[in-house]
Amino acid sequence: MPKRRAYQISLITLTVLLALTGCGSTGNNNDTKTAVNDQTTTTNANTTADASTNAGTGTNSEADTGTSTGTNTETNTGTGNTSTNQGTSTNEGSNSGTSNNGEATTPANSNQADTPPATEAPKKLYKMNKVYSFVPIDNATTSNKVVLLTFDDGPKADKTVTALLDTLDKHKAKAIFFVNGYRVKAHPELLKKIADRGQTIGNHSWDHIDLKKESEASVKKQVGDVQQIVKNVTGKEPVFFRPPFGNGNDFVKSVVRGHGMLYMTWSDGSLDWDASTKDKPDKVIANVLDQLHPGVNILMHELPWTTEALDKLLTKLEEKGYGFIDPDTIDLGLDAPTTAAATATDQTSTDQTAAK
Ligand SMILES: [Zn+2]
């Protein structure tokens with residue numbers, strides 16, 4: 001065997017060296033042996049994680065006689081040893097397995113790593129108050145310095161939808177896209193894109209009409225048909241509803257609740273729909289920041305100037321220490337009595353101008 005031959009050559013070399021130099025004291029040899037053994041152990045742990053490769057004490061002391069790292073390495077790879085590697089953390093997996101070598105480590109460890117974490121619904125962190133803002137369920141563990149981002153009246157165009165999604169991703173932000181059924185029918189692929197990119201879909205009625213003026217049958221259809229088309233496209237019905245113009249009544253609220261949705265208007269209107277803000281991204285930002293306070297529900301639209309403003313707006317919100325509510329963490333509160341939703345104060349002034 002070549003290894004044995006190398007080993008014999010080493011011994012011969014040692015003998016010659018000892019004879020020539022005369023430095024054969026036991027004390028010196030032991031010191032050298034200890035140092036080289038440590039080095040060898042380290043090499044084994046790092047390179048192979050194989051419990052069977054490290055040399056035993058006897059083998060090592062023989063190799064040590066040459067005080068050559070090269071000789072040590074060669075000896076170790078060919079000689080069985082289970083003592084040194086058992087102390088290293090990399091071998092814990094294989095030690096419990098049936099085989100005492102490194103190959104057993106891999107499947108044992110990867111089995112552990114492959115165990116999928118249980119997929120749970122996100123923990124509910126926020127609840128809506130009577131003016132449609134959000135407060136932590138537990139103030140001790142959840143910051144109130146957050147905002148809810150919403151975009152209404154889409155999906156309209158790939159250019160604006162994609163730009164909004166890209167900016168949200170850049171800021172790791174989530175939002176609700178309140179969509180109209182007739183727009184979804186025209187562009188189901190855009191709705192799918194929004195959902196596929198991890199954003200939340202909300203129901204904004206089919207035709208974007210004033211539901212307060214509609215018959216009960218019409219209200220049911222305006223709300224229900226959007227639930228159906230969104231489910232057809234994304235596989236999931238919305239759990240958030242915003243009436244067009246912020247206009248609702250008790251009947252609208254009861255229908256919305258019957259579909260398992262949380263009814264909301266907003267508490268921080270960007271006024272991006274208003275003539276005063278058209279084509280003015282900086283005005284969108286200023287309007288939102290003017291009304292900013294913890295928990296606000298920010299109303300924006302899928303409009304070019306809002307799309308243009310979003311990156312800067314989110315940056316400014318972050319600079320002020322605000323985070324973005326993930327809609328999945330909102331407790332819908334549908335188990336509670338209906339009084340909270342029914343008595344919520346609709347915003348009359350802005351509602352009337354939220355035309356588009
Ligand atoms: Zn709208």
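Add +1 for every Lys or Arg and -1 for every Asp or Glu among the other residues with Cβ under 14 Å from the Cβ of ASP335, and state the total.
+2
Give me the net charge for the shell around LEU149: Cβ to Cβ below 15 angstrom, other residues only, Lys and Arg +1, Asp and Glu -1.
-2
Taking only C-alpha pairs under 8 Å that are 6+ residues apart, what is the relative contact order of segment 126-353 in percent?
30 percent
Read-outs: derived from the displayed coordinates by stated rules, not from any lab. What you see is a predicted model, and the numbers here were worked out from it, not measured in a lab. No Cβ is skipped: glycine too gets one built from the backbone with ideal geometry, and neighbour counts run over all protein chains shown.
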